[in-house]
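I have placed the structure first, in the form of structure tokens, so that the comments after it can refer back to it.
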Amino acid sequence: MSKKLKVGVIGLGMMGQTHLDVYSQMPNVEVVAIADQDEARLLGLTQAQGNIQGQAQGQVDLSQVQRFTDGYQLIESADVDLIDVCVGTNLHLAMAKAVIVKGRHLMLEKPVARSHTQGLELLALAQASPSFVMLGMCLRYWPAWVYLKQAIDEQRFGALKSLFCERLSSFPDGDFYRSSQQCGGAILDLHIHDVDFISHCLGRPSEVVSRGHIGRSGGLDHVHTQYTFAGEFKDAVVTAQGGWSMAQGYPFNMSYTANFEQATLGYELGDGEHLILYHGGVAQAVDLAAGMGYEHEIKHLVRAILSSQSTDFDSLHSAVDALAVVEAEALSIATGQLQQPLYG
Ligand SMILES: NC(=O)c1ccc[n+]([C@@H]2O[C@H](COP(=O)([O-])OP(=O)(O)OC[C@H]3O[C@@H](n4cnc5c(N)ncnc54)[C@H](O)[C@@H]3O)[C@@H](O)[C@H]2O)c1
């Protein structure tokens, strides 16, 4: 492999632009090809907006890259090592398959796919392939969330007593978000970040109880869930709320409150990012590494490929499990009953 990783990015919406920003800052990476069906986006005449300050800045020099109006043309003919797929979720499985069949490394935005069944299909393909496959579950790399996972793993403040994660915004722009067939509603598109992170820290939930409602996407655009675990976290009270049914102008925010035997952690990313540790009667701001999860996840990906690591299948599997949890939550809302995720 060449010293610099040659990258192609497919889909230049909010996430494609965010990833391009990150690649453009990395000395060991060269973006050599981009693709979008929307010619105005492809030519840089229009730009998707990020929902977090500092995201999707679009200040990347793309004058020398190859351009394709269809992602499949890029997969077929661009001379690249890694293909970063940032198209809508309903297109993930087919495009990811094409990348793996072509023998390229794959970065795939979250959620893995539109359904748990599709996720399992992708997992099986990845397991049979030498390609490095990684998913954009960015919270796993976001400094304030990494801090939380370490605190739980190390029992730094004693056992975890409760965890509440929340992610709210107004309805996002774009045709993709207006169609639950494509995006799966906020339960799949937004709330899955918290579902995945909770499972990443505490293991697979054994049961879920959810309430929620349908919104402008035509799917479940607001959800509140209580999770039950077997084993170590069986007594922890774990809940999450997510939705994009807030009034227009309501800013995107994500937060968590984690209560331990000896301390409480309170995190918010709204107007700025704050993590406060309440310990021994004192409230103290926690110093965090700079950068958002997108940057750290892509740096991890590039390092892993350049050092010939193989896919982290546990991590991929757990992202696929998150789809089963979301489907159980949807069923719990529909039936009004507790559900056990069918992990397969
Ligand atoms: N990690 C995160 O925090 C995060 C945040 C937002 C969105 N996402 C995910 O990223 C994905 C994209 O979201 P978005 O907001 O950027 O969507 P978007 O609809 O704004 O952008 C997708 C782009 O893909 C292009 N496209 C579609 N089919 C194509 C094809 N065959 N070839 C080339 N281009 C094609 C579209 O023209 C569009 O410009 C979704 O799966 C979404 O869930 C992740």
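Ranked by how many other Cβ atoms sit within 10 Å of their own Cβ, fewest first, the residues GLU30, GLU109, GLU295, GLU232 fall in the order GLU232, GLU30, GLU295, GLU109. The orientation-averaged projection of the convex hull spanning the C-alpha atoms of the chain amounts to 16.9 square nanometres.
Label point 7 Å out from ASP79 along Cα-to-Cβ: which residues of segment 1-20 have amide N under 15 Å? So the set is 1-8. Compute the Cα gyration tensor for segment 90-209, then decide on rounded, prolate or oblate, letting a ≥ b ≥ c be the square roots of its eigenvalues: rounded whenever a/c is under 1.5, prolate when a/b is larger than b/c in the other cases, and oblate in all that remain. Oblate is the answer for segment 90-209, as a/c is 1.5 or above yet b/c matches or exceeds a/b. The long axis of helix 143-154 is offset from the longest Cα principal axis of the chain by roughly 50 degrees. If you take all other residues with their beta carbon under 11 Å from the beta carbon of ALA94, and give Lys and Arg +1 and Asp and Glu -1, the sum is +1. Computed from Cα positions, the angle between helix 14-24 and the longest principal axis of the chain comes to roughly 70 degrees. With neighbour counts taken as other beta-carbon atoms within 10 Å, the residues THR225, THR335, THR264, THR89 rank, fewest first, as THR335, THR264, THR89, THR225. Dipole orientation for the chain: of the candidates LEU108, LEU120, ILE10, LEU120 has the Cα lying most toward the positive pole (charges on Cβ; Lys, Arg +1; Asp, Glu -1).
With 21 Å as the limit on Cα-Cα distance, the pairs of LYS4/LYS110; LYS4/LYS299; LYS97/LYS299; LYS6/LYS299; LYS110/LYS161 that go past it are LYS4/LYS110; LYS97/LYS299; LYS110/LYS161.
When SER315, SER115 are arranged by Cβ crowding within 10 Å, least crowded first, meaning fewest neighbours, the order is SER315, SER115. Computed over every Cα-Cα pair of segment 40-150 and binned at 5 Å starting from 0, the pair-distance distribution P(r) comes out as 2, 10, 17, 20, 19, 16, 11, 4, 1 percent. Against the chain, whose longest principal axis is taken from its Cα atoms, helix 92-101 shows a tilt of about 50°.
Classify segment 182-300: rounded, prolate or oblate, from the alpha-carbon gyration tensor (a ≥ b ≥ c, eigenvalue square roots; a/c under 1.5 rounded; otherwise prolate if a/b is larger than b/c)? Note, shape of segment 182-300 comes out oblate. Under the convention that each Lys and Arg Cβ holds +1 and each Asp and Glu Cβ holds -1, the size of the dipole of the chain around its Cα centre is about 300 debye. Of the peptides 245-253, 10-18, the order by per-residue mean of other Cβ atoms within 10 Å, starting with the highest, comes out as 10-18, 245-253.
From the square roots a ≥ b ≥ c of the eigenvalues of the alpha-carbon gyration tensor of segment 83-136, which class results: rounded (a/c under 1.5), prolate (a/b over b/c), or oblate? Oblate shape, in that a/c is at least 1.5 and b/c is the bigger or equal ratio.
Quick note: the coordinates plus some simple rules give every number you see, no bench work behind them. The shown structure was predicted, so the numbers you read here are calculated from the model rather than taken from an experiment. Counting neighbours? That spans all protein chains shown, and the Cβs are built from the backbone with ideal geometry, glycine included.
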